[in-house]
Amino acid sequence: MTEFIVRARAAPADPDRFLSQVGQGLGVEYLADIVRHSLFVSQGHREDVTVSLVLEKSQDFSRVVSISGASLGSLDDIHEAALLKAIADALRAGSVLKKHETRTDDRGISVTAKSFEQLVRERAEAGTVFLLDPDGDDVRKEEVLSELAEAVFVMTDHTPMPKNTYKSMRRQGVKKLSLGPGMLHTAQCVSILLNELDRLRNNPPLLND
Ligand SMILES: C[S@@+](CC[C@H](N)C(=O)[O-])C[C@H]1O[C@@H](n2cnc3c(N)ncnc32)[C@H](O)[C@@H]1O
């Protein structure tokens, strides 16, 4: 199982505010791109990928909207408006949640009232977490190859991560991972990484002991 966690610091957790930002140049459309690139391939979807979007602009708690490829098939469509509506629907269902509560709709999309920090801490306690960053270890470096298959990959949307975020993540064992020298869009990072994982699965490297 692969999970992408995307921190969307400026994205409203309120569903109406979220939808009102569409087309306003504020970047919520990137989230639809990220979902599409994470879960869909030509004529199919990835059963073993989950994408978790953390929408942080909230009056109370951030909301984590998680969409798993394993429960797909019930989304109406995958064009931008349909995906943004699916996110907004999840946020609406999650608007009554108390801290750490989760609700899952009949399409298998879940929403949890939880902070980005708490989510990453939980994942780091359970397994391998990488923060995607051009300054990290190269994704093709031999030392990291064996850790990629079951990992969680953390990114931001277009809003940069606060400078000191990585300090606490590093204490939890989170490592930086680079996909190359250029600064890419988040959805592009997702596609490149999934391609690396596909290639590794089909052609596992002979690693030195
Ligand atoms: C669009 S970028 C962030 C751009 C933002 N303006 C900034 O300066 O941080 C979104 C995410 O993709 C990651 N990313 C972009 N290019 C990358 C690369 N070459 N390797 C690893 N991660 C990358 C970033 O680290 C970030 O988490």
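The values are calculated or read from the model by the stated rules, or taken from the named source; none is laboratory data. Predicted model, so just to flag it, every value in this text is computed and none were measured. With ideal geometry, Cβ positions are generated from the backbone for all residues, glycine too; neighbour counts draw on all protein chains shown. Accessible surface areas use protein heavy atoms only, side chains included; no ligands, DNA or RNA. Shrake-Rupley method; radii C 1.70, N 1.55, O 1.52, S 1.80 Å.
Points to keep in mind about this one:
- FRET efficiency for the His185 to Met1 pair, using the beta carbon distance and R₀ = 25 Å, is estimated at 0.55.
- Taking every DSSP beta bridge that has both ends in region 1-75, the antiparallel portion is near 50%.
- Gain in span if fully extended, Lys176 to Asp89, counting 0.36 nm per residue against the direct Cα distance: 28.0 nm
- Label zone (Ser168, point 7 Å along Cα-to-C-beta; backbone nitrogen cut-off 19 Å) within region 1-39: 5-11.
- Region 4-79 and region 168-209: distance between their alpha carbon centers, rounded to Å: 21 Å
- The share of accessible area on region 2-202 that comes from carbon and sulfur is 46 percent, using a 1.4 angstrom probe.
- Cα-Cα over 25 Å, subset of Lys57/Lys167; Lys57/Lys163; Lys114/Lys141; Lys99/Lys175; Lys57/Lys99; Lys114/Lys167: Lys114/Lys141; Lys99/Lys175
- As a length-normalised measure over Cα pairs under 8 Å and 6 or more apart, the relative contact order of region 58-117 settles at 49 percent.
- Listed values for region 42-58 are Karplus-derived 3J(HN,Hα) couplings in whole Hz (6.51 cos²θ - 1.76 cosθ + 1.60, θ = phi - 60°), namely 4, 6, x, 9, 8, 5, 9, 10, 10, 10, 10, 9, 9, 8, 9, 7, 9, and x replaces Gly and Pro.
- Loop GluC sites (Glu not before Pro), region 104-209, which have at most 15 other Cβ atoms in a 10 Å radius of their Cβ (DSSP): Glu147, Glu150
- Globularity index of region 2-202, i.e. its alpha-carbon radius of gyration over 2.2 N^0.38 Å: 0.97
- Efficiency of FRET between Glu117 and Gln59 - r from beta-carbon atoms, R0 22 angstrom, step 0.05: 0.75
- Compared with the direct C-alpha span, the chain from Glu143 to Gln43 gains 32.6 nm at full extension, assuming 0.36 nm per residue.
- Length gained when the stretch Asn203-Glu125 is fully extended (0.36 nm per residue, less Cα-Cα span): 25.1 nm
- Rg/Rg_ref, region 18-103, where Rg_ref = 2.2 N^0.38 Å and atoms are Cα: 1.09
- Here the Gaussian network model covers the chain, with springs between Cα atoms less than 10 Å apart; of Gly173, Gly27, Gly44, Gly44 fluctuates the most.
- Approximating the spin labels as points 7 Å out from Cα along Cα→Cβ, the Asp135-to-Glu196 distance works out to 1.8 nm.
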